Each structure stands twice: as C-alpha cells, then as structure tokens.
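Presented below is the structure to which this report refers.
The values are calculated or read from the model by the stated rules, or taken from the named source; none is laboratory data. Bear in mind the structure is a predicted one, so any value in this text is a computation, not a measurement. All Cβ positions, glycine included, derive from the backbone under ideal geometry; neighbour counts span all protein chains shown. Heavy atoms of the whole protein, side chains included, go into the accessibility calculation; ligands, DNA and RNA do not. Shrake-Rupley method; radii C 1.70, N 1.55, O 1.52, S 1.80 Å.
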Amino acid sequence: MRRTRSAAALAAVVLALTAACSPGEPAASGAGQPVSGGSLTWAVETEPITFNPHQYAQAKARLLVWNTFEALLTHDDKGGHLPWLATGYETSPDGRTYTFKLRTDVSFTDGTRFDAAAVKANVDQFAVEGYNPTVAAVQLRNLDRVEVIDPATVAFHLERPDVLLLDFLSSPQGAQVSPKSLKEAKNLKAGGPELAGTGPFVLDRYTAGQEVHFTRNPAYQWAPANAGHTGPAYLDEITYRFLKEPSVRVGALTSGQVQVIEGVPATDEALITGNDRLTFARGLNSGSAYSYYFNTAHAPFDDIRVRRAFREAVDVDAVLQGVYRGSATRAWSVIGPTSPFYDKSLEKTYGGDAAEANRLLDEAGWTTRDADGFRTKDGKRLTVRLVQSAPFVRDRRDVLAQAVQAAVKQSAGIDLNVALVDQGAATQALADGAYEVFDNSRADTDAGAALNLLLHSAGAINRTGVKDPELDRLLEEGQASTDQAARNGTYQRVQRLTVTDQALILPLYAPADQVAAAATVGGLGFEPTAGVPGSAYHLWLGK
Amino acid sequence: MTVAMPRLTARRFALRPPRPPIAAATVVLGLALTAVAWPSLFAADPLAADPLHVLEAPSAAHWFGTDQLGRDVFDRVVHGARHSLSIGVAATVIAVGAGILLGLLAGLTHRAADEVLSRGFDALAAFPLVLLALLFIAIAGTGTVSLIVAIGIATLPHHARVVRAQTLVVRQAPYVTHAVAFGASRTRLVLRHVLPNVLGPIPVLAMIGLGEAVLIAAGLSFLGLGPQPPSPEWGAMLSEGRGYLHIAWWASVLPGCAVTATVISLTVIGRHLQNRFEGRHQ
C-alpha cells in the first residue's frame, strides 16, 4: 500500500516536472535538423514469413526489405524508374534487350563485390526449381537469358517485349542478394542474418515472434538520387518489434516504449492526432484494391447472377464507415485509385441495391429459405466460404469480413462462412478449391503485375478460375507495350471486363498505411509510388 | 472448556451460511438459466449488424451499447448465456459421467487396473487444465463440440479421484461386506450398495466444477478456440471487443461482467452446498 502511494507520488512529481519543462511550448515542433546516431524501435503489425527479398510476398514486410537489400532501379513518385545500383539502362529498338550500366563502388556487407556476375547470379536463382515459381512464371516469363558483358554492364535478353522487367528490377523480388549468400545460406528461402545485401543496414538479429534488429552499415555510400541524403544512415540501429494487436501498438507508442508504429487502426486515430507529442501520416498503397474474388469454378458463383447479387447485397460505404469510421478509401475497381491505369468511370456503377440482389437470387433459383433465414435451392443452403490466412490479415480485415457477412445475410439471405486459419490450412483450402470467396490486395508498384497474377488464365493466384482468351490477350498486350497511353487503354478494358461485364470481384477498399510516431522522429515518409512506409534510411531521432 | 466455548461460537459465526450472497447467486443463475432456455424472451437477434451505429455507448435503445459491427451487446450477452452455460454444463456432464465410471472401475476392479487408471489420473491432473484443453483442441480442431470434450477431459481426473477414494472406503463398509456375505450379485452390489454411497460429494464438486468449466470455456473462446464468429459467446465477445477497449469499454467489459457474475454465482452456490454436505451447519 505504502509503496503504491509513493510510486503515485513519484509519478505526480515527474508529470509536474515534464509540464514545467515545456511551458506552453508545442511538443510537436518536429524533430529539427537530421542528426546522426541513436537507436529507434518501431512496432510493426506483421511478422515477415521470410527475410529473403526474392521470396517477398507481404506488402506489410516491404518496409524491412530496403534496409538490407537494394535493387537495380527504384521508383520516382510518378511510377517511373530511377537508377539505384544501376547507373542507367538502354532499351534496344525491338524492346527485347535491356542493357544496364552498374555502379562500380558497391559491395555487399559480407565483402563480396557487386557486379554484373552478381546480378546474373540473382536472376538465375529464380530458375532453380521451386525457388519462387510465381516470379519465374510472371515477372520473368519472357526472360531468355542474362548476359554479363563486362563487370559493370549486364544485358537482359527477352523473348518478347516486356515492360514488367523494369518493375521487377525495382521490386523487392528483384533486390540483389550477395551471390556468396545465395550459394552458402543454409536456409536460403527463409533469409535472415545469413543473407547479405548492399543496403544501409545489416540484419544482425532475428527473434521469431518478437523482433528483428538492424545495425547501420558504415560503408554505405550509394543511396538513390531521391533519398534526400547520401552516405550512411542516420540511425545507429533500429529494432522492429512484432506487435500484432493494434491496441498494444498504440499503447506502446503512447507510453513511449516504441517511437514509431504502423497499422494505426481507424478507431485510434483521434487518440494520436489529439496528442501533440505524436505525429500521424497516411499513404495509399499502389497495386490492386482489397477485393473479394468470386470462385467461378463451381456453384454458386459459376452463375453470374449470384455474383452480382452478392455484390448488390453489400452496402460497401456503410460497411467501411462502420469498420473504419470513414477513414478508408472505397475501391470501385480491381486496381487501386492511385494507379495511373485506374478506370474512374467504374465508380458508382454497381452495389448496395438489396432489392436487386434479391431479384437476381430469385431469378437464379435460390427462392426458398431455411429456418435460419438463409436462401436455399434444392434443399441446399446458399453458403459461400471465405478462408482468411492469419499472417495476411491486416487493417482488421477479419472484422470487415464479419461486417460483410452480416450485410449479405441481412439483405439477401446469403450465408458467408468466414474462417480465420493459419497459412498452411489456407494454402490447402485454396489448393483444394474449398472456397467460394478469396480476399486479396497486392501492393505491386505496376498494377499490371498484380493483374497478371490474379486474372490471367495461367496466373499463380487466379482464384476466380477465370479463363477468358480476350482477358489473357489484353493482359499480354499490357505487359508488352511500352506506350503508357496504350497501356492505360488496355488495362481499362481489363477492368471493364472483370468488374462490369463478368462481375468477378467485389472491390472493397484501397489499402493504405497509417503510421504514427513520436514527434522526435524525423524523416518519416512513404516509399514513392508503392505508398508503403519507407525504409529506415531516412529516419533520424531529434530531441 | 471455558476457553473453548467462545472459540466455538466464533467458528460457528464465521461458518454461518451467507444468506444474501446465496440469494443473489440464485437470482443471477436463475436469470442465466432462463436466458439459456428462452433467449428470445429477453433479446432480439444477436447477429443483426448495423454498420451505421457501431460502438455506441449504452442507451435506452441499446442497454449495453453496440459493438464494432453495430450489434446490440445486450442481445449478444443474453444469447451468449446459452453458449457459455451449455458448454459448461455439457463439459461438466462429461467430466462427472466419465469420472464416476473410471473412479468406480479403479476402486472396484483388480489392483493392477487401479494402478494404471490412478497413474492415468495423476498424469492428466499433472497438466494445467488449460494446457490439457489446448492440447486436445490442437488435435481435434476448434469448435463448440471439441471445446466441450476438451474441458470435460481436462476436468475429469478430479471427479474420478474422489469417486475412487469414496469407493475404497465404501467397499470396506459393513453393509457391503454383509451384502457380499449374503451373496449379492456384482451388478447389484455396485448399483445398489456402492454407487449411491459414493455419489455424495459429486453434486458439490459438479457445481464448483461447472463454474470452472464456464471460466475455461470463456478463456479458450477468448483465444479463438471455441465457437467461431459471429457466435455470441462471452469469451469471444471479450476478445473481439478488446481492440476497442479504450473507446468502447462496454463491448468487452459487459460480457466480462456476465462471465464473472455467472462464475461467482456458481462458486458461491457450490461452496454453500459443500458446507452443507460437510455438515458445518444445521
């Protein structure tokens, strides 16, 4: 009892002192000029399933990749490409050969030189059976071979023109890993401290389920032109702690245990913005919108009327308002609204019409109802299954699923069965076709890459089961053309086809990142084009 | 003697049945049981979501406020009584039933069988309850049925041990030895003479065990191992509401109060029965 009281008294004194030290001075005056040194702790929502950039699959893990690894190119803020480990590139007139000039002053943190042979070793690694079949089948589908011309020059020979090569070479999967690590790492696919890169930090410690720790790379001298500064990073070290619970992250920030958090839930934003010792920022991600993809391979979504009915049964605006309190941007297309290919004319063309949903279901023969109020046909309930993989659930997508579940039940008598399972069970369900709804968003910087995976008949995550020659042709056309205007036209037709004509998806919202930090943290920003939180290279700790 | 008298009075005073708590517990439990039997008497559809009225504070329209999907928390708590209590009762029935059977087997059969069974109980009892239940759920998968069986198995050794100990006492009792001498059949011996006399402590244990089962069920559901969303189960409601604790305490605190009130009621009644059973008051 006495101890409690004295602790309370101490707390009161500390509070009084803090208050006295800042008489009316706004604490959120910013972090001042960049300073070198210090260590920072950042609480992140998602623990990466791998630290090997070639295996990268979680947009939420992207902020970690560029700490240790770098790519030949990087993005500017308009979707274009800037040199990074390459100094520039040339395209042959037939669009089938890209020749890159490389920096000669770069070395991996394990001492290996970065040169043309290293680039070739990285790309060739994808040819290893089972290493990353998705990338091999999509981004590198048209790659014939990589040729080392001299140590500072490397050529990519393609079988046919393919603009997605540039996007690949500026993506995490195209990041450069030390050839020595590629050869010697015992657990190459999982990555971790044994994989060396060229980045401004070295990953030196990873404790599964807890945190990953990076130390500054003092030899770093090759930041891209848009990085804002040159030379080694400001911070001595940075720790990312995995805190899955949104409220725990917010609590860790407000109590000063961490200086930065990401994945701030919409319901907690007011708590951050109302505190002048904290800052808040939001960035919309690139790539595809978070959507429900309907499995057309079997009943009931093989019937377009049921797909349309499901879409009409959800009042997406109301659902987003309820779950995200108006902070989410509604999506209308398979592509996110920040992409240059986004087709704005799709907006407000469908959705939220319960009467239409019921009419369509009646027409499709789902006319009877069972005791629980769900529609039935031939004694079978109108049940559709959504399987969510826990490592990929972010932004309270599980709560969103429950809101959609309630909406389709109430307005149309559809039974949406939501299961939140581990990655293995989810993979199994998808492989077995034991799902009717698949939820996904992709943060690809070029939305074309996402569409190839999701909609092409040979796409690795074509979960709708759509096999449409016209769609395939358009996607291939979009991948081959270097003319931006032509690509716009092509991808707008893709969007019309999937969203309007075939009703393959229910777009829900445009994924965004919400970052909050102590006011003393400087340099916090979002990666150009990708829109995800940037790497730790830019961060500093002010006073 | 003169010294002992006041002490005895003091003891009797301390052990006097706490009447008001018993009454309160009976009322709370009665309400909960009614909610299990006829939730429609008290509350509307617990799954009816209203995205335009999420996380609203308790009011005349929503006595316990609304949750993150705009569902009425009161409706969910009342319907949740069905889930939580029926899981508790079913698990206790399994634990008591299997406990009696195995306890009798251990107490009446061959010495070797007794050894095996008793060491089995010891092994089961050596694990913390929750760990044992978790282990079972890991094997059988999540869901209401496996949750019930898991809790039943986890709480079984306690009942089995008590029954075994009682059986060992009763089988030495004169009326049993007399019955043997009169040539009573084995079945008759067990059903007529042993079983009724070993069951004495069981209702008390079951009542206390029921509270424990409800608590473990809520705990496992909190971890996502019980009834899946959108089922209105108290532990699951606590879990879903915890992310909103600092802006909407009612979504998690009120289901928590329901769990607490139920478990305390069951325990108070159980303890009262125990006191009566042990003859500590008239």
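Tabulated values for the structure
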{"quantity": "Answer from B:GLY141, B:GLY152 - the residue that is out of contact with any His (no Cβ under 8 Å at 6 or more places or on another chain) and on the phi > 0 side of the Ramachandran plot", "calculated": "B:GLY141"}
{"quantity": "Some residue of the range A:241-249 being without any contact (Cβ under 8 Å) to a residue 60 or more places away in the chain and among the aromatic types (Phe, Trp, Tyr)", "calculated": "no"}
{"quantity": "Wholly enclosed strands (runs of 3 or more DSSP E) of the range A:437-543 bearing at least 1 residues more than 21 Å from the chain's Cα centre (by Cα)", "calculated": "A:512-518"}
{"quantity": "Residue identified as within 11 Å of chain B (Cβ to nearest Cβ), part of a loop (DSSP other than H, G, I, E, B) and either open to solvent by less than 40 Å² (accessible area, probe 1.4 Å) or of a type in the set (Gly, Ala, Ser) (or both) among A:GLY351, A:GLY373, A:GLY322", "calculated": "A:GLY373"}
{"quantity": "Of the criteria (1) modelled with pLDDT of 90 or more; (2) more than 14 Å from every other protein chain (Cβ to nearest Cβ), which one B:GLU278 fails", "calculated": "(1)"}
{"quantity": "Flag if A:GLU356 is under 30 Å from A:THR490 (Cβ atoms) and either among the acidic types (Asp, Glu) or within 12 Å of another protein chain (Cβ to nearest Cβ) (or both)", "calculated": "no"}
{"quantity": "Candidates B:PRO39, B:PRO46, filtered to the one that is open to solvent by less than 30 Å² (accessible area, probe 1.4 Å) and away from chain A (no Cβ under 14 Å)", "calculated": "B:PRO39"}
{"quantity": "Matching residues, the range A:296-319, being in a helix (DSSP H, G or I), of a type in the set (Asp, Glu) and more than 14 Å from chain B (Cβ to nearest Cβ)", "calculated": "A:GLU312"}
{"quantity": "Residues of the range A:376-415 that turn out to be more than 10 Å from chain B (Cβ to nearest Cβ) and either among the acidic types (Asp, Glu) or in a strand (DSSP E or B) (or both), as a count", "calculated": "14"}
{"quantity": "Which numbered condition A:ALA460 fails, given (1) within 14 Å of chain B (Cβ to nearest Cβ); (2) in contact with a Leu (Cβ under 6 Å, 6 or more places away or on another chain)", "calculated": "(1)"}
{"quantity": "Counted residues, the range B:247-273 - those being open to solvent by 50 Å² or more (accessible area, probe 1.4 Å) and out of contact with any Asp or Glu (no Cβ under 8 Å at 6 or more places or on another chain)", "calculated": "7"}
{"quantity": "Unique match (being basic (Lys, Arg), within 27 Å of A:ALA57 (Cα to Cα), assigned to a loop (DSSP other than H, G, I, E, B) and over 27 Å from the mean Cα position of the chain (by Cα)) among A:ARG160, A:ARG141, A:ARG145", "calculated": "A:ARG160"}
{"quantity": "Cβ pairs under 8 Å, 6+ apart, first in the range B:223-244 and more than 8 Å from chain A (Cβ to nearest Cβ) and farther than 11 Å from B:GLY80 by Cα, second open to solvent by less than 40 Å² (accessible area, probe 1.4 Å) and charged (D, E, K, R)", "calculated": "B:GLY226/B:GLU233; B:GLY241/B:ASP67"}
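Table: residues versus (1) crowded, with 17+ Cβ neighbours inside 10 Å; (2) among the small types (Gly, Ala, Ser); (3) under 30 Å from B:TRP234 (Cα atoms).
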| position | (1), (2), (3) |
| --- | --- |
| B:GLY141 | no, yes, yes |
| B:ILE153 | yes, no, yes |
| B:HIS158 | yes, no, yes |
| B:VAL163 | yes, no, no |
| B:LEU168 | no, no, no |
| B:VAL180 | no, no, no |
| B:ARG186 | no, no, no |
